[in-house]
Amino acid sequence: MAKMPVALQISGQCLVALERSLAVAWPEEGCALLLGRRQARILHLQAVWPCRNVWRPDWPETRQPQDSRSSRDEAGDLEAAHSRSDRFVVDPLELIAAQKYCRNQGVLLLGVAHSHPRGAPLPSAMDQRHAWSQSLVWISAIAGPDRQLTEADRGAWWVGRSGRLQPVCIDIVQTVQADFGKPHPGEQPYYKR
């Protein structure tokens, strides 16, 4: 079993592309898929797949059963009125297209990124509820389309098999080679599990 990643390497160029794609949706939450490689305990983000946020008020999230570990705050959060300014859903057709692309290019769909236009770059109760096991979650706190983000405005987490989110160090590097060839030994995209 692969150990939890401890760092995410991303080039400055890829970071700009990611944060611009998320900022375009402001004041709504933006979302994108994250493509790359994994080498041992390091994730290498090599490409961003911008997506549409297709969340709708009739989304079935409020009809999901609450488990005994749910807090009152989470229960209240699920019952409150929401909009795309505090909710996102990746367009399923874009997810399927990205999965096919990854399979054809021999890269991994590492996870999903989204923005928090009105909050901190920390996973919400809904983010934790819907996170994909064995994947990366990136959150950028984008307060406006023209605001320059700082290190404190972004965060990354790895979702373990248990569903628990663990922080991952973000390492911004000069260049990351986008070698979309055969997967390296031991790499497994989440959709092949």
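The values are calculated or read from the model by the stated rules, or taken from the named source; none is laboratory data. Predicted, not measured: the structure shown is a model, and the values here were computed from it. All Cβ positions, glycine included, derive from the backbone under ideal geometry; neighbour counts span all protein chains shown.
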Can you name every residue in the range 4-25 that is at pLDDT 90 or above and either among the small types (Gly, Ala, Ser) or part of a loop (DSSP other than H, G, I, E, B) (or both)? Pro5, Val6, Ala7, Ser11, Gly12, Ala17, Ser21, Ala23, Val24, Ala25
Residue that is modelled with the lowest pLDDT, among those in the range 86-101 that are out of contact with any helix residue (DSSP H, G or I) (no Cβ under 8 Å at 6 or more places or on another chain) and crowded, with 18+ Cβ neighbours inside 10 Å: Asp86
Identify all residues within the range 145-159 that are among the aromatic types (Phe, Trp, Tyr) and either free of Cβ contacts under 8 Å to residues at least 40 places away in the same chain or in a helix (DSSP H, G or I) (or both); write none if there are none. Trp157
Residue check, Asp73 against (1) in contact with a Gly (Cβ under 9 Å, 6 or more places away or on another chain); (2) modelled with pLDDT under 70, all met but one. Which one? (1)
Is there any pair linking a residue in the range 125-138 that is more than 12 Å from Val112 (Cα to Cα) to one that is at pLDDT 90 or above, with Cβ under 8 Å and at least six apart or on different chains, and which? Gln128/Leu165
So which of Gly119, Gly106, Gly155, Gly160 ends up being at pLDDT 95 or above and under 18 Å from the mean Cα position of the chain (by Cα)? Gly155
Which one is surrounded by the fewest Cβ atoms within 10 Å (Cβ to Cβ), of the residues in the range 21-46 that are within 13 Å of Ile10 (Cβ to Cβ) and of a type in the set (A, V, I, L, M)? Ile42
Tell me, which residue of the range 33-64 that is under 18 Å from the mean Cα position of the chain (by Cα) and of a type in the set (Phe, Trp, Tyr) is modelled with the highest pLDDT? Trp49
For the range 131-153, enumerate the residues that are acidic (Asp, Glu) and either within 14 Å of Val168 (Cβ to Cβ) or exposed (fewer than 14 other Cβ atoms within 10 Å of the Cβ) (or both). Asp146, Glu151
